[in-house]
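Comments concern the structure below.
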Amino acid sequence: MRRKFICGNWKMYKTRAEALAFAEQIKPLLTGDLPADVAVAVPYTQIWALTEAFAGTPMGVGAQNVHFADEGAYTGEVSVPMLKETGVSCCIVGHSERRQYFAETDETVNKKLRKLFADSSIRPILCVSETLEERAAGAQEEIVRRQLEKDLEGLDADMVSRLVIAYEPIWAIGMGRTASPEQAQEMCACIRSLIASLYDAPTAGRVIIQYGGSVKPVNAGEILSMPDIDGALVGGASLKPDDFMKIVDSLKIQ
Ligand code: PGA
């Protein structure tokens, strides 16, 4: 049985004071048995304050990117050993915004995944997606298959069993436009069967597949009830404690 996983992606939002205010507001809501694992992937500068603020609570803290080298002349980058010190539990890799604006390629994504698995227990959240044009051309499955084949090169079944894959159609991110639950299910099922063919059925049965792209309290219940959707990567709605918890709580009524 796969446990659902709801992860917020704050992107480049929230100062330290705003991040701590979020923590204070959401902590009282993190009581009882939560129906999912929960985490927020936050800007690097807020990680230390938040791992401390969320210590002893179920809320994990994640990073939004990492470099594949241990150290070196890579201005502006942060390494896996540096992340390990902070106590993050997960790290987004290959988000479409990084691929689009910061020249992230399948090759660098693959190096980052290998590094995270080789040297840490930080859980990677690998993002894959297609553009609006690619979907209009009916090429979404082909595009995502090609990304996954390259991104996962050299990873073994044990690693992939611990991986989170987020299907995040670019046309649905931050647009207020969501894939229909059926479209999201179709792609998540396609990703799972691809993992079965690249690895094996037990690995495909274990890998967590999230949907991301304008997930909100109003649509979360339907999306998360789909059989191959094991959670969500939530951007805009994860900035508000109430909205984030409404998304998590939508799992209770299923
Ligand atoms: P959104 O972002 O929920 O604001 O669409 C999702 C993401 O980019 O991870």
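The values are calculated or read from the model by the stated rules, or taken from the named source; none is laboratory data. Keep in mind that this is a model prediction, so the values were computed, not measured. All Cβ positions, even for glycine, are placed from backbone atoms using ideal geometry, and neighbour counts span all protein chains on display. Note: areas computed on protein heavy atoms with side chains; ligands, DNA, RNA excluded. Shrake-Rupley method; radii C 1.70, N 1.55, O 1.52, S 1.80 Å.
A compact table of results
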| item | result |
| --- | --- |
| ALA166 outside any helix (DSSP H, G or I), surrounded by fewer than 16 Cβ atoms within 10 Å (Cβ to Cβ) and either within 16 Å of the ligand (Cβ to nearest atom) or hydrophobic (A, V, I, L, M, F, W, C) (or both) | no |
| Filtered residues of the range 101-117 (kept if open to solvent by 50 Å² or more (accessible area, probe 1.4 Å), on the phi < 0 side of the Ramachandran plot and free of Cβ contacts under 8 Å to residues at least 40 places away in the same chain) | TYR101, PHE102, THR105 |
| Pairs with Cβ under 9 Å, 6+ apart, first in the range 118-135 and at positive phi and part of a strand (DSSP E or B), second within 16 Å of the ligand (Cβ to nearest atom) and modelled with pLDDT under 95 | none |
| Any chance VAL109 is part of a loop (DSSP other than H, G, I, E, B) and of a type in the set (Val, Ile, Thr) | no |
| Lone qualifier among GLY176, GLY154 - being farther than 24 Å from THR108 by Cβ and in a loop (DSSP other than H, G, I, E, B) | GLY176 |
| Residue among ARG145, ARG98, ARG123, ARG135 that alone is surrounded by 13 or more Cβ atoms within 10 Å (Cβ to Cβ) and within 18 Å of TYR199 (Cα to Cα) | ARG145 |
| Residue under evaluation THR203, criteria (1) open to solvent by less than 10 Å² (accessible area, probe 1.4 Å); (2) within 15 Å of the ligand (Cβ to nearest atom); (3) among the polar types (S, T, N, Q); (4) closer than 19 Å to VAL144 by Cα, criterion not met | (2) |
| All positions within the range 171-182 that are within 9 Å of the ligand (Cβ to nearest atom) and either in contact (Cβ under 8 Å) with a residue 60 or more places away in the chain or more than 23 Å from PRO124 (Cα to Cα) (or both) | ILE173, GLY174, MET175, GLY176, ARG177, THR178 |
| Residues located in the range 83-103, provided they are more than 18 Å from PRO43 (Cα to Cα) and within 14 Å of the ligand (Cβ to nearest atom) | GLN100 |
